[in-house]
Amino acid sequence: MPEAKPFERLPQTLSPVNYNIRLKPNLKAFTFEGSEDIDIEVVKPLSEITINSVEIEVQEVSYVASGKSDTVKGTVSYNKEDETVTFTFPSEIQPGKGRMSMTFTGILNDKMKGFYRSKYTSPDGEEQFSAVTQFEATDARRAFPCWDEPAVKATFDVTLVVPKDRVALSNMPVKSEQVYEGDNKWKVVSYERTPIMSTYLLAFVVGEFDYVEGKDADGVLVRVYTPVGKKEEGKYALDVAVKTLPFYKDYFKIPYPLPKMDLIALADFAAGAMENWGLVTYRETALLVDPKKSSAKTKQWVALVVGHELAHQWFGNLVTMEWWTHLWLNEGFASWIEYLCVDFCFPEFDIWTQFVKNDLGRALELDALNNSHPIEVPVGHPSEVDEIFDAISYSKGASVIRMLHDYIGDADFRVGMNDYLTKFKYSNAFTEDLWEYLGKASGKPVAEVMSSWTKQMGYPVIKVTEKQDEKNRVLSLSQEKFCADGKKQEGEQFKWMVPLSFCTASSPDKPVKKILLDSTTAEVTLENVKPGEWVKVNCGTVGVYRVQYSSEMLQSLITGIKDCSIAPCDRLGIQSDLFALARAGLVSAVDVLKVAEAYINETDYTVWSDLSLSLGTQGLLIQSTDATDEMKAYNRNLYSKVFQSLGWEAKENEGPLTAMLRDLVLAKLGRNQEQSVVMEAKKKFLDFYNGKPLSADLMDPVYVTVMSNGDEDMFNKMLELYDKADSQEEKNRISRAIGAVKDEALIKRVLDFAMSDKVRSQDTVFVIGGVTGSVKGREMAWQFLKDNWTKLHDRYEGGFLLSRLVKVTTENFVTEEKAKEIEQFFTDHPAPAAERTVKQSLENIGLNIEWMKRDKDAVSAFLKSRNN
């Protein structure tokens, strides 16, 4: 293959100052007409202007210098590969101000990027379309020719020409609305000028919507737009947004910069949400909450997503990364502060413990692979951007920022943030700029510490042993890179500057000591620690590292697990580290299952949730042994005590976490064939099918239990409920549960259903993923991917959903043959956007193969002995 030519950014010989854009979308023909006047400043003489443009046809282009009247017409040529259009003028344009004008046409595509069409069903049952946008990372160029790079900021005047019965929204409030001269069935809506901003944050929406509105404490008008007839479902998100904007204003010490804040639920949407300035777009399931039918889990998810996107209004929108290399800072920061915000607004979610599972856990799992990548990845061509919208950018990014915040303290962190945002507002910054301001505020070596976490991939395992020295405990510590396969990389020198903290049985929640480990080994003395008292490294599980204890230290920690004297996030961290160490072959897999039994008294939702994940990963491997039934019995035994305390029915005044724990425990027992749970779930399901109410928090476990223990009749009833469901949350709940079926013919029906027009394109991936929990399901999903590759690849090409699809259908196989088959398939069918994912999947399969060789027999024997 010829070598790809190096990517070059647009020439800096001129820059836009203001875009005046007018667009007229045709919701029947799926096209749009557009015109724009761009005020520009020319720095050097030039006769050619090259800007970004994709799938747009420019009819004519002209240029006039400021203060002159003679307009020069240009000719138009396109470079499809570079996604650019070049305008060539007959005479040289001289330095100074001027205006470039053009008319063009484009298409409202169905790829969920650029200016695209979104299908919905109107209240009277008719199929309709709205015209909506998704420009990040590089798709503003599909809506209008522009300098589509985050550092080329400008102001925007937007005008939309739309049918008069449609709602039309953009980033700013409406300036004027009048009847369209050519046709009184249309209207012309113009919006106020935006602040200076990047193209990827511009947005327009044209469609049918209802809204609820409120004002925050500072008088900012907040609206939540919902599908027609569902405005009640916008009230929860409105409540979150109205609390959230003032929280960020106080945290950053900078007012929200725009006069209004709209949040809107869109039917077809690839991501969870997008932070367009003043007009944030969401999947319906990330914004809408039905007061009667939404679960505690959904409410929490909505609160987190709203918190994430509104944080971007300052961090990302007001100050923007200079190039996509620094995307991680944008996303990592918002992924961290969303938790700070939700913890402030909704303390009942105990959200920081959930961070340890949702973000730190995901990051540690992916980042232990040899095919991980550093947080900061040099990005050239924007097509490389989608692949780094992954758990490293978001979750590891968030985790290192949480560790940094803990290291320098909240007060200094806030001062540094305010200085940084004030200095770079309406402009662009590099990662190093933030480190500089946080370093100045705290007097700590922030840049030095953080570059060890962002510029090298992976993280350390801290190995620790102890000895008692009279009244003191002396710890010997060492750091080395943690690798998922347990092998040291020859010749590679990895070293981190690691903020370490220590807590003890007499101070379980507060560190007794903190140090910065900047060498490979260290000795630490903890004063006044009695013999037999447990010591835990990484207090609060804030540090981005694993800990491997000596067996004596682990034994004393087990007592703290059994009596729950260790804090929940630390109980969670201990088992998470142990399962990872066992997968790497560094500790015995059997010993870890014995430690897991110490959690039988556990009552915390998040600890159970993470332990369930660890056991589930183990369970997938055990499916390929002769101890599957014994593993189910082990699980039934482990969850029995917590089930006894929870029961089926909600208690008066119980919190959301209790409801979430009940959901989790019932689903686990149902999948593991606890007969009393299976019988009750079937009864509740049939009652619900016949019209009796069922609590939203019980729907997930009831559906999953019925499907994993059900027949064709139950499956058909479930699909009937899907057809009747009027909320996307309920449709998602059902479509993700049906994959639990065991029968081959039914699995095939699930896969076919995933590709049918009953399932939205953005959800297909998750429906296919639903069948991969069984050996047969994994085989069939992989075969299905191969059989439908062309269609799936065309649908998701270049987007992160393609990587997600590849991951779920490949990573849990356990044989060399399968690894070779997968490798060969992607050699024959290259998918650049999923290239790293394929390598990660192959590496995971390799780890599974090693586990089968090393641990299968011992674990099977242990599980069988437990059930004798």
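The values are calculated or read from the model by the stated rules, or taken from the named source; none is laboratory data. The structure displayed is predicted, hence computed values, not measured ones. Ideal geometry is used to build each Cβ from the backbone, glycine not excepted, and the neighbour counts take in all protein chains shown. For accessibility, only protein heavy atoms count, side chains too; no ligands or nucleic acids. Shrake-Rupley method; radii C 1.70, N 1.55, O 1.52, S 1.80 Å.
Observations, loosely collected:
- Strands (runs of 3 or more DSSP E) fully within region 52-147 counting 1 or more residues that are at positive phi and not charged (D, E, K, R): 96-107, 114-121
- From the options 95, 123, residue that is modelled with pLDDT of 95 or more and either farther than 25 Å from residue 142 by Cβ or among the polar types (S, T, N, Q) (or both): 95
- Selection over region 723-746 of residues that are under 28 Å from the mean Cα position of the chain (by Cα), free of Cβ contacts under 8 Å to residues at least 60 places away in the same chain and within 21 Å of residue 773 (Cα to Cα) gives a count of 9.
- Residue ID - farthest from residue 503 (Cα to Cα), chosen from residues in region 449-473 that are without any contact (Cβ under 8 Å) to a residue 60 or more places away in the chain and open to solvent by 10 Å² or more (accessible area, probe 1.4 Å): 451
- Residues of region 206-242 that are assigned to a strand (DSSP E or B), crowded, with 23+ Cβ neighbours inside 10 Å and out of contact with any Asp or Glu (no Cβ under 8 Å at 6 or more places or on another chain): 206, 207.
- Among the residues of region 322-354, those identified as within 17 Å of residue 137 (Cα to Cα), in contact (Cβ under 8 Å) with a residue 40 or more places away in the chain, out of contact with any Asp or Glu (no Cβ under 7 Å at 6 or more places or on another chain) and open to solvent by less than 10 Å² (accessible area, probe 1.4 Å) are 324, 327, 329, 331, 332, 334.
- Subset of region 780-814 (residues that are among the charged types (D, E, K, R), touching a Phe, Trp or Tyr at 6+ places or on another chain (Cβ under 9 Å) and modelled with pLDDT of 95 or more): 786
- Restricting attention to region 786-832, the residues being open to solvent by less than 40 Å² (accessible area, probe 1.4 Å), touching a residue at least 40 places away in the same chain (Cβ under 8 Å) and more than 19 Å from residue 843 (Cβ to Cβ) number 4.
Results for (1) of a type in the set (Asp, Glu); (2) over 28 Å from residue 312 (Cβ atoms); (3) in the same structural domain as residue 156 (by the TED database), shown as yes or no for each residue.
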| residue | (1), (2), (3) |
| --- | --- |
| 73 | no, yes, yes |
| 92 | yes, yes, yes |
| 113 | no, no, yes |
| 132 | no, no, yes |
| 137 | no, no, yes |
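- Any hit, region 504-525, residues being charged (D, E, K, R) and in contact with a Pro (Cβ under 8 Å, 6 or more places away or on another chain): yes
- Out of 670, 655, 647, sole residue that is surrounded by fewer than 19 Cβ atoms within 10 Å (Cβ to Cβ) and without any contact (Cβ under 8 Å) to a residue 60 or more places away in the chain: 647
- Filtered residues of region 370-396 (kept if aliphatic (A, V, I, L, M) and either part of a loop (DSSP other than H, G, I, E, B) or free of Cβ contacts under 8 Å to residues at least 40 places away in the same chain (or both)): 375, 377, 379, 385, 391
- Condition broken by residue 92, with the remaining ones in (1) within 42 Å of the chain's Cα centre (by Cα); (2) touching a residue at least 40 places away in the same chain (Cβ under 8 Å); (3) open to solvent by 100 Å² or more (accessible area, probe 1.4 Å) satisfied: (1)
- Inter-residue pairs, beta-carbon under 7 Å, first within 18 Å of residue 859 (Cβ to Cβ) and in contact (Cβ under 8 Å) with a residue 60 or more places away in the chain and in region 593-622, second of a type in the set (Val, Ile, Thr) and in a loop (DSSP other than H, G, I, E, B), 6+ apart: 621/814
- Residue list for region 51-76, filter: under 18 Å from residue 34 (Cα atoms), free of Cβ contacts under 8 Å to residues at least 40 places away in the same chain and among the aliphatic types (A, V, I, L, M): 76
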